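Trainee: Below you'll find the structure I mean.
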Amino acid sequence: MIEFEEILLGRASVPLEERVADNEVDPSNVMPETCPTCPWREDEGRLNLSPEHMKELLIQVLSISNQRCHAPALNGKPETRICRKARDIQLVVFHRLGVLTEPTDEAWAEALAKIKEAPKEQL
């Protein structure tokens, strides 16, 4: 298993000018596949996070923001894409809540476009 400290060391090695702020990550730029070290995986290669940390991640992806994929940080590169597995969780939950018409990236894009087009007083 990968330990969280390895990601922190990788993130620290990314030059400041190459780092990407949360608000600069395109919400439609999702990893095409789940990474081998994704903490949401259930096999042995995943990133080892405590149950408390996983709970915090779940709260984040369902109510605060997208989760960036950590895999580039393991290679000292900026994290510029959304985690595939975290997005899949969002798709299922938001579909069940009736926010999305179906649990797909296409339905996510449609819902996001509607939000961007709606007058602010309707949000």
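The values are calculated or read from the model by the stated rules, or taken from the named source; none is laboratory data. All values reported here derive from a predicted model rather than from experimental measurement. Neighbour counts are summed over all protein chains in view; Cβ atoms, including those assigned to glycine, are modelled from backbone coordinates with ideal geometry.
Trainee: Here are some conditions: (1) in a loop (DSSP other than H, G, I, E, B); (2) touching a His at 6+ places or on another chain (Cβ under 8 Å); (3) of a type in the set (Gly, Ala, Ser). Ala107 meets all but one. Which one does it not meet?
Mentor: If we test Ala107 against (1) in a loop (DSSP other than H, G, I, E, B); (2) touching a His at 6+ places or on another chain (Cβ under 8 Å); (3) of a type in the set (Gly, Ala, Ser), just (1) comes out false.
Trainee: Considering region 55-93 alone, what residues qualify as being among the aliphatic types (A, V, I, L, M) and either under 11 Å from the mean Cα position of the chain (by Cα) or loosely packed, with under 15 Cβ neighbours inside 10 Å (or both)?
Mentor: Leu57, Leu58, Ile59, Val61, Leu62, Ile64, Ile82, Ala86, Ile89, Val92
Trainee: Which numbered condition in (1) more than 12 Å from the chain's Cα centre (by Cα); (2) among the polar types (S, T, N, Q); (3) at pLDDT 90 or above; (4) under 20 Å from Val25 (Cβ atoms) is the only one that Thr101 fails?
Mentor: Among (1) more than 12 Å from the chain's Cα centre (by Cα); (2) among the polar types (S, T, N, Q); (3) at pLDDT 90 or above; (4) under 20 Å from Val25 (Cβ atoms), the lone unmet condition for Thr101 is (4).
Trainee: When you look at Glu56, is it under 20 Å from Phe94 (Cβ atoms) and free of Cβ contacts under 8 Å to residues at least 60 places away in the same chain, yes or no?
Mentor: yes
Trainee: Pick from region 110-123 the residues that are loosely packed, with under 10 Cβ neighbours inside 10 Å and not in a helix (DSSP H, G or I): which of them is modelled with the highest pLDDT?
Mentor: It comes out as Pro119.
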